[in-house]
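Structure first, commentary second.
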Amino acid sequence: MSDRRLAGRTAIVTGASRGIGLAAAVSLHDAGANVVLTSRTEEAAVAAAASVGERALGVRAHATDDAAAAECVERTLERFGTIDVLVNNAGTNPAYGPILAQDHSRFAKTMDVNLWAPILWSRLVVDAWMGEHGGTIVNTASLGGFVVAPDLGIYHVSKAALIHLTKQLAIELGPGVRVNAVAPGVVRTRLAEALWSEHEDAVAARTPLARIGEPQDVGSLITFLASTDSSWITGETIVIDGGQMIGATAAADAAGRVAAG
């Protein structure tokens with residue numbers, strides 16, 4: 001039986017030309033939704049939409065561009081008539097290295113894309129549709145929002161803030177709009193490539209489910225949170241990491257026991 005959980009509904013997915021965003025768009029489309037995919041370039045957005053299916057539209061809209069975001073929302077309503085789902089997926093991490101080694105430009109870019117953009121897009125869709133008709137918002141956070149690690153401090157801080165923003169918006173927009181987040185661990189994406197490309201086997205060995213994540217794993221969870229299957233869930237951030245967090249904790253505990261003799 002085909003998945004029609006989202007038949008007749010429309011979703012906007014930001015940062016959807018590849019990785020988790022594209023996987024989410026495919027999953028939402030497979031569940032029956034019309035899907036609008038955004039990217040920084042028209043070419044990438046249109047190509048991604050073509051790969052998804054006939055009910056997909058590609059729109060050039062950088063996540064932090066107010067005018068482009070507003071135009072995307074307008075085009076979505078003109079084309080499909082509703083905006084029932086927003087996936088705030090666009091993310092960046094130009095601030096690699098110790099926090100105190102970062103300049104304001106890299107800090108600001110990280111916070112603008114990872115934190116301000118979800119606020120911008122949420123406001124636009126709530127004002128244009130969801131405030132009156134209801135809907136669901138899903139934010140792409142990160143396992144990094146719960147942990148600390150060398151050289152990823154600014155990124156992790158931005159995702160921790162996004163997790164808190166998810167709770168805040170759930171309070172402010174309920175009951176008509178549900179707001180949740182997903183927190184992926186190491187997933188096979190370009191953004192996370194430095195975390196797995198040269199040591200995938202080692203990462204998998206520390207993961208109870210013995211593999212790194214695939215974008216489709218996260219896309220399926222996003223579709224669940226966008227559907228009525230999750231109708232009594234809001235303000236939550238669901239970790240999807242194959243057990244990487246508990247695997248790392250177990251490894252640290254074992255190392256501590258060895259060091260203690």
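Surrounded by fewer than 21 Cβ atoms within 10 Å (Cβ to Cβ) and among the polar types (S, T, N, Q): is that true of T41 in this structure? Before you say what the answer is, go through the steps one by one.
Details: surrounded by fewer than 21 Cβ atoms within 10 Å (Cβ to Cβ): yes; among the polar types (S, T, N, Q): yes.
Yes.
Quick grid of which residues meet (1) more than 27 Å from R188 (Cβ to Cβ); (2) in contact with a Phe, Trp or Tyr (Cβ under 8 Å, 6 or more places away or on another chain):
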{"site": "L100", "(1), (2)": "yes, no"}
{"site": "A117", "(1), (2)": "no, no"}
{"site": "L124", "(1), (2)": "yes, no"}
{"site": "G131", "(1), (2)": "yes, no"}
{"site": "G135", "(1), (2)": "yes, yes"}
{"site": "V138", "(1), (2)": "no, no"}
{"site": "H156", "(1), (2)": "no, no"}
{"site": "L165", "(1), (2)": "no, no"}
{"site": "G176", "(1), (2)": "yes, no"}
Report summary line: Within the range 1-41, residues part of a strand (DSSP E or B) and among the aliphatic types (A, V, I, L, M) come out as A11, I12, V13, V35, V36, L37
Query raised in the report: Which pairs do you get when a residue that is closer than 12 Å to A226 by Cβ, found in the range 81-97, comes within reach of a residue that is at pLDDT below 95 and crowded, with 24+ Cβ neighbours inside 10 Å, reach meaning Cβ atoms under 9 angstrom, with the pair 6+ apart or on two chains?
Result: none
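Consider the range 80-107. How many of its residues are in contact with a strand residue (DSSP E or B) (Cβ under 6 Å, 6 or more places away or on another chain) and outside any loop (DSSP other than H, G, I, E, B)?
Filtering the range 80-107 down to residues in contact with a strand residue (DSSP E or B) (Cβ under 6 Å, 6 or more places away or on another chain) leaves 80, 82-89.
Next, only the ones that are outside any loop (DSSP other than H, G, I, E, B) stay: 80, 85-88.
Residues in the range 80-107 being in contact with a strand residue (DSSP E or B) (Cβ under 6 Å, 6 or more places away or on another chain) and outside any loop (DSSP other than H, G, I, E, B): 5 in total.
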Query - Complete set of residues in the range 52-79 that are over 20 Å from M111 (Cβ atoms), in contact with a strand residue (DSSP E or B) (Cβ under 9 Å, 6 or more places away or on another chain) and in a loop (DSSP other than H, G, I, E, B) - result: G53, R55
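Could you tell me which residue of the range 214-231 is farthest from G21 (Cα to Cα), considering only residues that are outside any helix (DSSP H, G or I) and touching a Lys or Arg at 6+ places or on another chain (Cβ under 7 Å)?
S227
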Query - Subset tally (residues that are among the hydroxyl-bearing types (S, T, Y), crowded, with 21+ Cβ neighbours inside 10 Å and farther than 19 Å from A160 by Cα) for the range 96-145 - result: 1
Query - Residue list for the range 46-67, restricted to those being surrounded by fewer than 16 Cβ atoms within 10 Å (Cβ to Cβ), under 18 Å from L115 (Cα atoms) and aliphatic (A, V, I, L, M) - result: A67
Requested in this report: Identify the single condition in (1) touching a Pro at 6+ places or on another chain (Cβ under 8 Å); (2) part of a helix (DSSP H, G or I) that D151 does not satisfy, given that it satisfies every other one.
Outcome: (2)
Query raised in the report: Out of (1) small (G, A, S); (2) more than 20 Å from the chain's Cα centre (by Cα); (3) surrounded by 24 or more Cβ atoms within 10 Å (Cβ to Cβ), what's the single condition that is false for A25?
Result: (2)
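The values are calculated or read from the model by the stated rules, or taken from the named source; none is laboratory data. This is a predicted model, so every value here is computed, not measured. Cβ atoms come from the backbone with ideal geometry, glycine included; neighbour counts cover every protein chain shown.
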